[in-house]
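Here the structure is laid out as structure tokens; the discussion comes afterwards.
Just so you know, all these numbers are worked out from the coordinates, no wet-lab data involved. Quick caveat: nothing in here was measured; it's all calculated off a predicted structure. Neighbour counts are summed over all protein chains in view; Cβ atoms, including those assigned to glycine, are modelled from backbone coordinates with ideal geometry.
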Amino acid sequence: MIIKTENGNYEINHFPDMCPVCHHGIETKVIGSNFTEKNNFSKRTRLELIFRCPRLKCQEAFIGYYHKSTDNSGYEYGNYYLKSVAPYIPEDPLIIEEIKEISPNFVKVYTQSHIAEKYGLDQICGVGYRKALEYLIKDYLTHIHLDKEK
């Protein structure tokens with residue numbers, strides 16, 4: 001698809017089809033753009049398209065970052081491909097009510113670990129998941145054996 005901006009026409013692979021803030025499927029419309037050429041600070045040209053969620057309950061603006069494909073030597077060619085969107089707000093994980101009642105500490109640590117994982121913090125999230133599991137096991141055993149809490 002060809003996108004027309006004040007800097008020229010660019011061929012991109014697609015628009016985002018989900019809002020990164022409210023996580024609903026949307027039909028995006030471009031409300032602005034920015035184009036950055038190679039320079040001393042950037043190794044690649046980058047096209048940034050600014051979108052707004054059309055849902056009345058959201059209306060948040062977000063940016064789609066597009067980069068050109070490169071070969072092994074770093075030579076750019078072809079179309080611009082959607083690389084990422086920002087801001088991205090991860091959804092809370094689905095946790096059943098029984099677990100929420102038994103172990104609020106598990107829910108808090110597990111949710112934080114889930115968010116860390118969604119942001120690509122893979123070295124942190126694993127430790128958090130393990131800690132969440134420890135809370136869940138301890139709280140569950142305390143729940144079924146009230147007389148043996150210690």
Inset, instruction - Can you spot the aspartates and glutamates whose alpha carbon is less than 15 Å from Lys131's alpha carbon? Ignore those fewer than 8 places along the same chain. - result: Glu117, Asp122, Asp139
Inset, instruction - Report, in degrees rounded to the nearest 10, the 0 to 90 angle that the Cα long axis of helix 122-144 makes with the longest principal axis of the chain. - result: 30
Legend entry - Unpartnered cysteines - no second Cys beta carbon under 4.7 Å - across the chain: Cys125
Inset, instruction - Excluding residues fewer than 8 places away in the same chain, name every one of the aspartates and glutamates whose C-alpha is closer than 17 Å to that of Lys138. - result: Glu98, Glu101, Asp147, Glu149
Legend entry - Fraction of beta bridges assigned by DSSP in the chain that are antiparallel (%, nearest 5): 95
Inset, instruction - Under a 10 Å cutoff between Cα atoms, tell me which one of Val107, Val85, Val21 has the largest fluctuation in the Gaussian network model of the chain. - result: Val107
Inset, instruction - Please find, in a Gaussian network model of the chain (springs between Cα atoms separated by less than 10 Å), the residue of Tyr65, Tyr140, Tyr110 whose mean-square fluctuation is greatest. - result: Tyr140
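As a quick test, which of the pairs Lys29/Lys83; Lys4/Lys118; Lys29/Lys108; Lys4/Lys57 have an alpha carbon distance above 26 angstrom in this structure?
On the way: Lys29/Lys83 18 Å; Lys4/Lys118 32 Å; Lys29/Lys108 36 Å; Lys4/Lys57 29 Å.
Result: Lys4/Lys118; Lys29/Lys108; Lys4/Lys57 exceed 26 Å.
In whole percent, what relative contact order does the chain give with Cα contacts below 8 Å and a gap of six or more residues?
Details: 233 pairs, mean separation 23.7, N = 150.
This gives 16 percent for the chain.
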Legend entry - Over the chain: helical MRE at 222 nm, DSSP H runs n ≥ 4 each giving -39500 (n - 2.57), nearest 500: -9500 deg cm²/dmol
Inset, instruction - Just order 126-136, 7-17 by mean Cβ neighbour count inside 10 Å, highest at the front, would you? - result: 126-136, 7-17
